[in-house]
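K.L.:
To start, I am sharing the structure in question, which I have written as structure tokens.
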Amino acid sequence: RDISLNNKLDKAKILFNEGAYSKAKEEFEYIIYNNPGSSVALNAQYYLAESLYMLENYDQASKEYDKFNMLSQNSELIARAKFLICKCLYMLSSDSNKDQNQTTFTIDRIQYFLEEYPNTGHKNECESMIKDLRTRLAKKEVDAGELYLRIEKYDSALIYFDLVMLEYYDTIYFEEALVNIVLTHVLKGELKTAQFFLDDNKD
């Protein structure tokens with residue numbers, strides 16, 4: 001039986017390497033289902049996650065990588081799986097006009113990965129993903145502030161613009177928030193405050 005499952009695994013890997021991910025996925029699932037807990041099944045578990053990732057089924061792929069990590073002792077593959085979980089979460093993160101709880105969770109997960117693997121070869125890609133996600137969050141806050149600005153809720157608008165300057169100083173929306181703060185004070189008739197703020201941040 002082990003020989004036949006090993007043969008099945010080899011054939012499934014060939015399918016995977018040829019890019020036939022859907023067929024490979026079915027084969028890996030069959031192996032896992034028919035010999036749970038075996039080394040063959042663990043090998044298949046990793047490739048099942050990889051197949052789902054290649055099929056862009058990121059939600060299921062991240063779950064299968066997690067399962068692999070709970071069972072495996074292979075530190076190199078575990079590190080790769082953890083990175084790919086981060087990538088899955090990044091790909092699943094919604095754009096800036098939707099709920100951003102998932103985005104914040106994803107940033108935390110990527111940062112945790114970087115702390116766990118400070119010498120990872122994926123450092124630049126992780127930092128790029130974090131930057132992109134932080135930019136999305138900043139955009140959401142700026143959009144909210146501009147909405148309040150349009151309906152003349154100036155104090156509420158200032159809360160959002162201040163938040164961007166405080167929390168997202170490293171994004172492209174920092175200067176937009178700064179200009180909007182000046183504009184909001186002008187619209188409130190607070191010209192001295194606007195001038196003081198502008199002088200304070202002219203750099």
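K.L.:
What is the magnitude of the charge dipole of the range 3-124 about its Cα centre, with +1 placed on the Cβ of each Lys and Arg, -1 on the Cβ of each Asp and Glu, and no other charges, expressed in debye to the nearest 20?
P.N.:
Values: 13 positive and 16 negative charges, 39 e Å.
Here the range 3-124 has a charge dipole of around 180 debye.
K.L.:
Also: In the chain, with Lys and Arg counted as +1 and Asp and Glu as -1 at Cβ, which of these residues, VAL142, ILE14, GLN45, has the Cα nearest the positive end of the dipole, that is, farthest along it?
P.N.:
ILE14
K.L.:
Provide Rg and Dmax in Å for the range 1-130, with only Cα atoms included in the calculation.
P.N.:
Just the Cα atoms of the range 1-130 yield Rg and Dmax of 15.9, 53 Å.
K.L.:
Can you divide the C-alpha Rg of the range 52-112 by 2.2 N^0.38 Å and report the result to two decimal places?
P.N.:
That works out to 1.16 for the range 52-112.
K.L.:
For the range 27-93, what does the accessible surface come to per residue with a 1.4 Å probe? Please give it in Å².
P.N.:
Accessible area per residue, the range 27-93: 49 Å².
K.L.:
Still on this structure, please answer the following. With a 1.4 Å probe and all protein chains left in place, how much of the accessible area of the chain comes from carbon and sulfur atoms, in whole percent?
P.N.:
Carbon with sulfur: 51 percent of the solvent-accessible area.
K.L.:
Can you give the charge dipole size of the range 112-203 about its Cα centre, rounded to the nearest 20 debye, using +1 on the beta carbon of Lys and Arg and -1 on the beta carbon of Asp and Glu? Kindly include the intermediate steps, with their values, before the conclusion.
P.N.:
Numbers: 11 positive and 19 negative charges, 55 e Å.
That gives a dipole near 260 debye.
K.L.:
Can you compute 3J(HN,Hα) from phi for each residue in the range 57-63, using the Karplus curve 6.51 cos²θ - 1.76 cosθ + 1.60 with θ = phi - 60°, rounded to whole Hz and x for Gly and Pro?
P.N.:
Values per residue, Gly and Pro as x: 8, 5, 4, 5, 4, 5, 5 Hz.
K.L.:
Hey, what do the phi angles of the range 166-172 turn into as Karplus ³J(HN,Hα) couplings, whole Hz, using 6.51/-1.76/1.60 and θ = phi - 60°, x for Gly and Pro?
P.N.:
7, 8, 10, 4, 9, 10, 5
K.L.:
Given an 8 Å cut-off on Cα distances and at least 6 residues of separation, report the relative contact order of the chain as a percent.
P.N.:
With pairs under 8 Å counted, the relative contact order is 10 percent.
K.L.:
Which order do the peptides 173-184, 63-74 take when ranked by the mean count of other beta-carbon atoms within 10 Å per residue, highest first?
P.N.:
Most protected by this proxy first, the peptides run 173-184, 63-74.
K.L.:
If you wrap a convex hull around the C-alpha atoms of the range 108-203 and split its volume per residue, what is the figure in Å³?
P.N.:
95 Å³
K.L.:
Can you tell which of ASN119, VAL186, PHE105 lies farthest toward the positive end of the dipole of the range 49-203, using +1 and -1 charges on the Cβ of basic and acidic side chains (Lys, Arg; Asp, Glu)?
P.N.:
Farthest along the dipole direction, towards plus: PHE105.
The values are calculated or read from the model by the stated rules, or taken from the named source; none is laboratory data. These numbers were taken from a predicted model, which means no experiment stands behind them. Neighbour counts run over all protein chains shown; Cβ positions are idealised from the backbone, glycine included. Heads up: the accessible areas ignore ligands, DNA and RNA and are worked out on the full protein's heavy atoms, side chains in. Shrake-Rupley method; radii C 1.70, N 1.55, O 1.52, S 1.80 Å.
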